[in-house]
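Everything on this sheet refers to the single structure shown next.
The numbers here are math on the coordinates, done by the rules we state, and not lab data. None of the values given here were measured: they were computed from a predicted structure. For neighbour counting, all protein chains shown are included, and Cβ atoms are generated from backbone atoms with ideal geometry for every residue, glycine included.
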2 protein chains.
Amino acid sequence: MAGMTSTTTGHTHQQEFKKPDGRALTLYGLQPIVVTSEIPSPSPEAVDARPVMRWHPLRGEWVMYAAHRLGRTFLPPPEYNPLAPTSDPEHPTELPRGTYDLAVFANRFPSLTLEAPEPPPGPAHTRAGVGACEVVVFSQNAAGRLSDLSDAQISLLLLVWADRTSRFASGDVIKSVLAFENRGVEVGVTLHHPHGQIYAYDHVPPVAGRMLDLAQQHQAETGHAWISDFVAAERASGERIVRDEGLSLSVVPPFARYTYETWILPARPVSLLSELTDDERDAFARVLKDALLRLDALFGVRMPYLLTVHQAPLDAAHPEFPLHIELYPYLRAPGRMKYLAGTEQGSGEFANDKFPEVAAAELREVNLDHV
Amino acid sequence: MAGMTSTTTGHTHQQEFKKPDGRALTLYGLQPIVVTSEIPSPSPEAVDARPVMRWHPLRGEWVMYAAHRLGRTFLPPPEYNPLAPTSDPEHPTELPRGTYDLAVFANRFPSLTLEAPEPPPGPAHTRAGVGACEVVVFSQNAAGRLSDLSDAQISLLLLVWADRTSRFASGDVIKSVLAFENRGVEVGVTLHHPHGQIYAYDHVPPVAGRMLDLAQQHQAETGHAWISDFVAAERASGERIVRDEGLSLSVVPPFARYTYETWILPARPVSLLSELTDDERDAFARVLKDALLRLDALFGVRMPYLLTVHQAPLDAAHPEFPLHIELYPYLRAPGRMKYLAGTEQGSGEFANDKFPEVAAAELREVNLDHV
């Protein structure tokens, strides 16, 4: 089956398709893409998504409302996995059979869409939920983990995140993109097939906006990029570095909010994934894989975690913004979860019962032979 | 046994004590306080708390480190409840036997203390964790809920929160106070005895600072207090009001981040609990109790929730700040928790799949006869 467009860049391949319900699908591979079945969708009907945003006047942030999750008439069999390639055409999934490594498609039940209609008049500061929500499937192996991917596949994932961001950047609607992976039943994940999501916003959300402001302030005050000073200080101390591959490194930051919080970052100022050189991206991929493996080895269980990719807002060039990945492991000790309670949610400040230097030493000492 | 000081105000009573390990204890009651046992502490040794704060340079907030939880040599029996009155002197709890309704004492393992020593030099922007952490025991009944308290007892709790805030305000160290209750095993609570906590900060944390800024901005732009405009708009619409007692009311705000998020607020601009009149406080207590009972009745299970009390910062008078309580129920449907995932933590914006108008209608329709 032929896709709509097919592109080859360096050693990577991608091909675009349209699903029966109109949603876009892109397949990515280290080998040329080959599709050997129909392009499926769990339902042929387009979802009538009418997401809405409302302004929180005392926190200064938008809240998204997606009340269109009704009408979900599709009743899957118990073992049905919508992220696996379709094996039974009676129960189509989101993906076709074929040769490819990663897949990206528009979320069937998005919190934001580019086509969001103007909502009926509502309480003050109600507007259309304009943006986009995509699903990124990391692998065809339903039982695998992100860290089971090869170095080259993780490097491809970084390219995919970069590609999605560049696509949004080429329009004039999207101002900020967040890629993330939430993993673990402990944090509400019911679909174990390795996958992540992308949220694309038509505005700059609070966390990205604050990071940009503070990084710009640092640059203005010191004349240095924040990332350069941070990497220099961490290398000078060495105490909190988990792995240093030269072009990229991982660190438990001195201000970690989660006990084993780990940041992966390039060693030079870069604001978007698309700016990484091939060598930097490959080093970044190795460091990321290493960090993920250490978290699973730490207590001998699959660590529940949230992984977020922080890139510069897209409303203008922001070279001061420090591209990095933040990994929040939710276990603070064997069997003990970190919960966001009073101070975290009520005040906006985290309490952590272990110093980052101690956590980093534990992560360095992990035995990776048995992972 | 005589307390250090004893005070009677109107129909409430309080008495102060010092625990064997030096920590402060205050008992509060609707009747005169009578203590019929020694004032206990789980351990006679003072905890050597050395909390530290570090600055998060890309979020602009402090992170608290409390690494002094080692040295916890006390091994309680399985059924030991440190918040119950001491019944076996071999295993002293935090509280004596006697006649009282509520108790407040300094947390044995605080994230912040007024005595925090200057830490050894650390990564940039490390400083002493100056502040205070208190435990507020709502009742002597270990199996009860906050909503099982009488109207008068809940009104007393509001007075206790006001009293603790006023004490901190009378010094010049504490700039912001957050009282909260986190309830439910689902959110990490292991101690079911009804209780809450108080965090007192030597600075204004991000959430309170942002609320103050935005409320001041509203007042400057409109000439009205935010709370007056909010209450007027909600009463005009009526759609989101859960209960209106005239002097105080509860509302699912139009910008609710949690599905059944409920705010309790006075009907006129008030910035601190201590400013409420007796009648306003009693109405506030009735509305709070009603909101809590509805949450438990909604799905017929004890709703896990976070309750936070938002009062003005203490660094100056801030009449623009809207005093209110925010209740975050963690269930968005029967058996379905709300988790803070990618967008909430990575972007700082919540996604909610039910409109507040619908949630408020459900809460109004709850049958309270069977609670």
| query | For the range A:5-205, what is Rg from Cα atoms divided by 2.2 N^0.38 Å, rounded to two decimals? | reply | 1.06
| Cα point-scatterer Debye curve for the range B:326-366, base-10 log of I(q)/I(0) at q = 0.16 Å⁻¹ | -0.49
| said: Can you classify the range B:104-145 as rounded, prolate or oblate using the Cα gyration tensor, where a ≥ b ≥ c are the square roots of its eigenvalues, rounded means a/c under 1.5, and otherwise it's prolate if a/b beats b/c and oblate if not? | reply: prolate
| query | In whole Å, what are the Cα extents of chain B along the three principal axes, biggest one first? | reply | 57, 54, 42
| note | A:P85 neighbourhood, Cβ < 12 Å, K/R = +1, D/E = -1, net charge -2
| task | Using +1 at the Cβ of each Lys and Arg and -1 at the Cβ of each Asp and Glu in the protein assembly as shown, identify which of B:Y100, A:P89, B:A116 lies farthest towards the dipole's positive end. | result | A:P89
| remark: Here the whole-number average of other chain Cβ atoms within 10 Å per Cβ of A:204-211 is 5
| Between A:S37 and B:V358, what is the FRET efficiency for a Förster distance of 45 Å, r being their Cβ-Cβ separation, to the nearest 0.05? | 0.65
| Which single residue of chain A puts its beta carbon nearest to the axis of rotation relating A to B, and what distance, in whole Å, does that give? | A:L340, 3
| query | For the range B:207-370, what class follows from the C-alpha gyration tensor (a ≥ b ≥ c being the square roots of its eigenvalues): rounded when a/c is under 1.5, otherwise prolate if a/b is larger than b/c, else oblate? | reply | oblate
| remark: The answer for the net charge of residues other than A:A169 whose Cβ lies under 14 angstrom from its Cβ, with Lys and Arg +1 and Asp and Glu -1, is -2
| message | With +1 assigned to the C-beta of every Lys and Arg and -1 to the C-beta of every Asp and Glu, and no other charges, what is the dipole magnitude of the protein assembly as shown about the Cα centre in debye, to the nearest 20? | response | 520
| field | Under Karplus coefficients 6.51, -1.76 and 1.60, residue-wise ³J(HN,Hα) of the range B:296-310 in Hz, glycine/proline x | value | 6, 7, 3, 10, x, 10, 5, 5, x, 8, 10, 10, 10, 9, 9
| From the label point of A:G144, set 7 Å from Cα along Cα→Cβ, how far away are the matching label points in the other copies, in nm, ordered shortest to longest? | 5.7
| note | For A:V309, the net charge from surrounding residues (Cβ-Cβ under 14 Å; K, R +1; D, E -1) works out to -3
| remark: Over the Cα atoms of the range B:53-159 the radius of gyration and the largest Cα-Cα distance (Dmax), both in Å, equal 18.2, 51
| note | Output field shielding_mean for A:248-255 (other chain Cβ, 10 Å radius) holds 4
| message | Residue by residue through B:178-186, how many Cβ atoms from other chains fall within 10 Å of the Cβ on average? | response | 3
| request: Would you please put A:22-34, A:193-205 in order of how densely packed they are, using the mean number of other Cβ atoms within 10 angstrom per residue and starting with the highest? | output: A:193-205, A:22-34
| query | Going down the table (A:K175/B:K289; A:K354/B:K19; A:K338/B:K19; A:K19/B:K354; A:K354/B:K18; B:K289/B:K338), which pairs top 32 Å between alpha carbons? | reply | A:K175/B:K289
| query | Quick one: what does P(r) look like for the protein assembly as shown with 20 Å bins over all Cα pairs, in whole %? | reply | 16, 48, 31, 5, 0
| message | With +1 on the Cβ of every Lys and Arg and -1 on the Cβ of every Asp and Glu, and nothing else charged, how large is the dipole of the range B:103-214 about its Cα centre, in debye rounded to the nearest 20? | response | 80
